[in-house]
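No lab work stands behind these numbers, since they all come straight from the coordinates. Given the structure is predicted, the values throughout are model-derived calculations rather than measurements. A quick note on method: Cβ atoms are made from the backbone with ideal geometry, for glycine too, and the neighbour counts reach across all protein chains shown.
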Amino acid sequence: MKKQGIAITREISRSIENCELTHLERVPIDLKRARHQHGAYTAALKEAGWEVTTLAEEPHLPDSVFVEDTAVILAGLAVITRPGSESRRPETKSIAKALSSMLPVAFISDSAILDGGDVLVVGKKIFVGQSSRSDSAGYSELGNLAKPLGYGVETIPVKSCLHLKSAVTAIDDRTLLLNPKWVNPELFKEYNLVEVHADEPAAANCLNLGKVIICDDAFPKTRQRIQAAGFLVNSISLDELAKAEGAATCCSLLMPQ
Ligand code: GLY
């Protein structure tokens, strides 16, 4: 398998039961099972050709496994975010340290909020979700950093879900998987669109690893649609992490080589 790049993940915190929740009721999380699923996720990254750097557990930061929210990786620059949820802001310290040994880093300021889960990068286009976790200042600061690198940046309204990437993710640079009830498909007219099955509203978050797409095996009807569109899918169990309002993209930061 061709080497795809470097992926950063982080061990699941023993305090994950105290995670932030916005749209879900709190239910018990089986830490052992969650860690087993996270291990399978990491193995899937490696199998797909990614070199995985796993950061140490942060016992006092419940959501810290969801590294995606702490940074936005662009071509030649990592933007360290300022997460919308105050409890998550300390997560960025170790991420900034890890990323700064790999590429230049810039920071979202203390007067803005931005979660990486709200930032969908598709080729040279960046879509930023208007969610409770990201504000117009975050969008504007990200735009100021990204535009000189050749990116176009646009805001996208979302409803009924945590982040933009709860509603839409990229299967490749031409194809998006989305839930039309959470984000308006008309805003993505220039792309090929695959819609989640109506029985599986939370299925839009899949992770494009280059040659293979990681999907949660809780969504078999949507998986069939992705496969029918011509993509290779690796379905893995992520239901324990889903109880913490996390999904496939949330658990890694990808730096393609
Ligand atoms: N529990 C994930 C988040 O709310 O950020």
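Which of (1) free of Cβ contacts under 8 Å to residues at least 40 places away in the same chain; (2) surrounded by 18 or more Cβ atoms within 10 Å (Cβ to Cβ) does Leu176 not meet, given it meets every other one?
So Leu176 meets the others, but not (1).
Say we look at the stretch 38-51 and pick out the residues that are in contact with a strand residue (DSSP E or B) (Cβ under 7 Å, 6 or more places away or on another chain) and in contact (Cβ under 8 Å) with a residue 60 or more places away in the chain; which of these is nearest to the ligand (Cβ to nearest atom)?
If we take residues in the stretch 38-51 being in contact with a strand residue (DSSP E or B) (Cβ under 7 Å, 6 or more places away or on another chain) and in contact (Cβ under 8 Å) with a residue 60 or more places away in the chain, then Tyr41 is nearest to the ligand (Cβ to nearest atom).
Can you tell me which of (1) within 15 Å of the ligand (Cβ to nearest atom); (2) in a helix (DSSP H, G or I) is the one Gly143 doesn't meet?
Failing condition for Gly143: (1).
Give me the pairs, please: first residue somewhere in the stretch 62-87 and under 13 Å from Ala247 (Cα atoms), second residue anywhere and in a strand (DSSP E or B) and more than 16 Å from the ligand (Cβ to nearest atom), beta-carbon distance under 6 Å, and either six or more positions apart or on two chains.
Pairs found: Val67/Ile8.
Could you grab me the full set of residues in the stretch 131-154 that are in contact with a helix residue (DSSP H, G or I) (Cβ under 9 Å, 6 or more places away or on another chain), surrounded by fewer than 17 Cβ atoms within 10 Å (Cβ to Cβ) and not small (Gly, Ala, Ser)?
Once the filter is applied, which keeps residues that are in contact with a helix residue (DSSP H, G or I) (Cβ under 9 Å, 6 or more places away or on another chain), surrounded by fewer than 17 Cβ atoms within 10 Å (Cβ to Cβ) and not small (Gly, Ala, Ser), the stretch 131-154 yields only Glu154.
Which condition from (1) within 11 Å of the ligand (Cβ to nearest atom); (2) in contact with a strand residue (DSSP E or B) (Cβ under 6 Å, 6 or more places away or on another chain) is the one that Asp115 breaks?
Every listed condition holds for Asp115 apart from (2).
Which ones in the stretch 83-98 are closer than 17 Å to Glu141 by Cβ and surrounded by fewer than 23 Cβ atoms within 10 Å (Cβ to Cβ)?
Arg89, Thr92, Ala96 - these are the residues of the stretch 83-98 that are closer than 17 Å to Glu141 by Cβ and surrounded by fewer than 23 Cβ atoms within 10 Å (Cβ to Cβ).
Considering only residues that are within 11 Å of the ligand (Cβ to nearest atom) and either in contact (Cβ under 8 Å) with a residue 40 or more places away in the chain or among the aliphatic types (A, V, I, L, M) (or both), which ones fall in the stretch 88-103?
Arg88
Search the stretch 227-250 for residues being in contact with a Ser or Thr (Cβ under 9 Å, 6 or more places away or on another chain) and aliphatic (A, V, I, L, M), and hand back the single one that is surrounded by the fewest Cβ atoms within 10 Å (Cβ to Cβ).
Ala229
Tally time: how many residues in the stretch 65-74 are more than 10 Å from the ligand (Cβ to nearest atom) and either touching a Phe, Trp or Tyr at 6+ places or on another chain (Cβ under 7 Å) or over 17 Å from Ile113 (Cα atoms) (or both)?
1
Taking Gly138 as the residue in question, decide whether it is in a helix (DSSP H, G or I), closer than 17 Å to Thr81 by Cβ and in contact with a Lys or Arg (Cβ under 6 Å, 6 or more places away or on another chain).
no
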